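Comments concern the structure below.
The values are calculated or read from the model by the stated rules, or taken from the named source; none is laboratory data. What you see is a predicted model; the values in this text were computed from it and never measured. Ideal geometry is used to build each Cβ from the backbone, glycine not excepted, and the neighbour counts take in all protein chains shown.
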Amino acid sequence: MLGSYIKTAKRNLLRNKMFSFINIIGLAISMSVGLLLIAFVLDMRSYDKFHEHGDRIYRISNIVTENNKPKGKFATTSIKTGKLIRQKVTGIEEVAIMRHDFSQDAQIGENTLPVKGFWADPSVFRVFTFPMLEGNPETALKDPFSIVLTQAAAQKLFGTENVLGRVIRFDNLDYQVTGVMKDVPFFSHMSFEALVSLSTAEQLNKGNRNFGEWTSMSANSVYLRLPENANITAIQSQLDAVASQENLAEENTTIKLELLPLYNIVIGENFRQSEGGPGSVGPHMSPVVLWILGGLALVVILSACFNYTNLSIARAMRRFKEVGIRKAIGAGKSQVWQQFLVESIMISLSALLLSFFIFLILRPQLINLAPEMQRTVKLELTIPMVIAFVVFSVTVGIVAGFLPALFFSRVNAINALRNVSSVKGFKFVTFRRALVVVQYTLTLIFITTTAVGYVQYKNILAFDLGFNTANILNIDMQGNKPDALLKELSEIPEVSGLSRSLIITSVGNAWGGFMKYRDSRDSALVMTNHIDENYLALHEYKLIAGGNFKARPTTPEAATEIIVNQQVLKRFNIGNNNPEKAIGKEITFNSFGIRERKMTIVGVIKDFHYGKVDNLIEPVAFMFWTPGDRAVINAKIQSNDIPATMAKIESVWEKIDRVHPFEAKFYDQEIEDAYSEFSVMIKIIGFLSLLAISISSMGLFGMVAFTTETRLKEIGIRKVMGASSGSLVFLLSRGFLLMLSVSALIAIPITYLFFEKYVLRNFPYHTPVQLIELFVGLLAVLLIAFVMIGSQTLKAAETNPVKVLKSE
């Protein structure tokens, strides 16, 4: 029976070549998007699955409240948290404590090479599956100044993987290689070249009182391995008890500890970035993004399925006799239903072969959309992926063919010649027309969303941040002292100005501390940047009261002058919010690693965007840059030949540092990179819009061609009666144009409300959606539809009526 179904389906497909071509091409294009999404999701779901006990590993998250106001959830926690859990919490097999900020230059003989890794205690090898090739995993990270290298790091540093017992010099201190482990798999949320004993970090930070404090959560992670069938509720209760006890010693800060499953780290909720440290280790994607991408891909796939349904039902009159004969000789509903479903699945499987080649073409394009994508997914074929592709193809075939199969299976043999257009999907609207309206509504939403999103993205990049970023090159010193490079750069004619800063603002970087004014119980988080005396003038900040820094301190503790923005005055009501009266006022400031100190306001600058423009303007303060700070050099470039100037600057860098590659970007490029996720999303939606309109246009072309073909005799009679070609074109096309108009009336308001009520609410400084952005998609669709409809209807209208009517 199945063989008969396949043979019949094959004959029908070959007999109706245009029908088959439109459906196979449409399904192939849409399914290639589905294949990309399947590969992407499978890659994201592959993270950390190589750990033997991955389903029993959890990371500790910190939920922080300050002054009774929620500050957010952080992926990091304190080293003290890990030690307290080890001492006080029962029902846990292992606790691993890690710190993420090991990044130093390794000195081996005459060679100097950068090495990045984590500080970790010995239990890291008991919690995670990181196979050791050389050394004892139980003792390798026990003693201070012990280091475990990955295979690649050992090869990079020594030219061989047999390096047990060798010595590496970091910052004039000797570290002994106590182990070599396998390279960290690609699909690991943490990536490193080396693990250094945590006892080393503790020894190096003996003088830093903040290092082991309960609230010092920057850059630390604590992981737990629980026993099978562990009582999560009981463990969480114990964590709550530990946190409650420690919070008693804190005046304004309350921390709650929470368990996060290992498999929810990469695909899970987003975490805030702690001051002075990373928010999360490794790649991350919100489940909402996956749902959005899945929804968009589903819309494109459904569009192709609608094509199949539309064209199948449109061809109903040609196949009613076939169905009637089948039923007359004894075929039941199930046999007819199976026949049409097999035909649909065959088309879908044929489309899968073509879609796979399209997938191979699109795969590198998707990976190269952004650097983050290259570090996150591979999209390489695996056996589970191939199985998923085939299951997906069959599912699409069933979805596309379900309604036509159901429709034809219900046909009565006696009424086999009934016109399918009488079947109503909605009141007053035939089923076929309803599908066309839905299809084009989704297409218009796609295109309009792309247009509005692109305009908003461009407005964000051009937004007035409150200071100048044009032609400013930011050079990361990567641990080097900036003085030598500043001297060399000052001698380059194209460099018209230089300054130093701790971080680059307005691109998502953050540094800060807590400020108090008169009330010692009232503190607020204030974002900061450490800058030198040239920074304000170079970036053209607007100083509205006071002046620049006068003192030149050499240590952070010695810095007593501070420049604040208007929001600081507003937050603490300094000088009754009067900039002139605020000059000379004294505040107290406490930042990470530096004791609380008194500082005097010497200047007030106009508010500017310290963070991204999707955040409200916050209280910000500038302090003086000191030699112990991390350094970024800001160079103002005036040149007619930027590549040549960059080559000069890079040659100067090579004189200063032969180990680290030159890392510099223009400020405008930094800002563009900061919003790369928006750019990627717009490119993806734009690409899907192109596919959606292509698929819809093919479906419309097929519908128009079939409709005009079935109305040729009517057209001939109308021409004989004196109808003009123009009136015939209008007659044949007005139904389709009416459907497109209904789609526009639905799509445009939906898109407008979606942006105004949901998307743009997250951007307090956005520009209103303009009418031209809403109607540009409609104009594009109407133009394409007019070409599709006009070409076929004009061809039919100009047909010689004698040829059409001679057989009547």
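Couple of notes before you dig in:
- Meets criteria (surrounded by fewer than 20 Cβ atoms within 10 Å (Cβ to Cβ) and modelled with pLDDT under 85) for Tyr765: yes
- Qualifying residue in the range 343-351 (condition: of a type in the set (D, E, K, R), modelled with pLDDT under 70 and closer than 21 Å to Ser30 by Cβ): no
- Subset tally (residues that are in contact with an Asp or Glu (Cβ under 8 Å, 6 or more places away or on another chain), within 30 Å of Gly54 (Cα to Cα) and not β-branched (Val, Ile, Thr)) for the range 162-195: 6
So that you can scan it fast, the table gives a plain yes or no per residue for (1) within 26 Å of Ala140 (Cα to Cα); (2) not aliphatic (A, V, I, L, M):
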{"site": "Met190", "(1), (2)": "yes, no"}
{"site": "Thr200", "(1), (2)": "yes, yes"}
{"site": "Val222", "(1), (2)": "yes, no"}
{"site": "Ala234", "(1), (2)": "no, no"}
{"site": "Ala243", "(1), (2)": "no, no"}
{"site": "Asn252", "(1), (2)": "no, yes"}
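- Counting only residues that are basic (Lys, Arg) and either outside the structural domain of Gly547 (by TED's automatic domain parsing) or closer than 22 Å to Asn210 by Cα (or both), the range 579-624 holds 3 of them.
- In the range 191-209, residue nearest to Ala120 (Cα to Cα) [restricted to those that are among the small types (Gly, Ala, Ser) and over 29 Å from the mean Cα position of the chain (by Cα)]: Ser197
- Total residues in the range 104-129, condition outside any strand (DSSP E or B) and either modelled with pLDDT of 90 or more or within 30 Å of the chain's Cα centre (by Cα) (or both): 9
- Here the condition is being touching a helix residue (DSSP H, G or I) at 6+ places or on another chain (Cβ under 9 Å), surrounded by fewer than 19 Cβ atoms within 10 Å (Cβ to Cβ), among the β-branched types (Val, Ile, Thr) and part of a helix (DSSP H, G or I); of Val680, Val704, it holds for Val680 alone.
- Pairing each residue of the range 62-78 that is in the same structural domain as Asn252 (by TED's automatic domain parsing) and modelled with pLDDT under 85 with any residue that is outside any loop (DSSP other than H, G, I, E, B) and of a type in the set (S, T, N, Q), provided the two are 6+ apart or on different chains, yields C-beta distances under 8 Å for Glu66/Thr253; Glu66/Thr254; Glu66/Ser523; Asn67/Ser523; Lys71/Thr65.
- Meets criteria (loosely packed, with under 15 Cβ neighbours inside 10 Å and either at pLDDT below 75 or over 24 Å from Val438 (Cβ atoms) (or both)) for Ser312: no
- Only listed residue being under 25 Å from Gly109 (Cα atoms) and assigned to a loop (DSSP other than H, G, I, E, B), chosen from Leu149, Leu164, Leu157: Leu164
- Test: residue in the range 95-110 that is charged (D, E, K, R), surrounded by fewer than 17 Cβ atoms within 10 Å (Cβ to Cβ) and within 20 Å of Glu202 (Cβ to Cβ): yes
- Flag if Phe211 is modelled with pLDDT of 90 or more and either under 24 Å from Ser591 (Cβ atoms) or among the aromatic types (Phe, Trp, Tyr) (or both): no
- Among the residues examined, Pro137 qualifies as in a loop (DSSP other than H, G, I, E, B) and in contact with a Phe, Trp or Tyr (Cβ under 8 Å, 6 or more places away or on another chain).
- Meets criteria (under 27 Å from Ile255 (Cβ atoms), free of Cβ contacts under 8 Å to residues at least 60 places away in the same chain and either surrounded by fewer than 22 Cβ atoms within 10 Å (Cβ to Cβ) or of a type in the set (Lys, Arg) (or both)) for Arg86: yes
- Here is the figure for the range 649-677: residues that are hydroxyl-bearing (Ser, Thr, Tyr) and surrounded by fewer than 17 Cβ atoms within 10 Å (Cβ to Cβ) total 2.
- Taken over the range 136-159, the criterion of being buried (at least 20 other Cβ atoms within 10 Å of the Cβ) and either within 13 Å of Ser197 (Cβ to Cβ) or among the aliphatic types (A, V, I, L, M) (or both) is satisfied by Ala140, Leu141, Ser146, Ile147, Val148, Leu149, Ala153, Ala154, Leu157.
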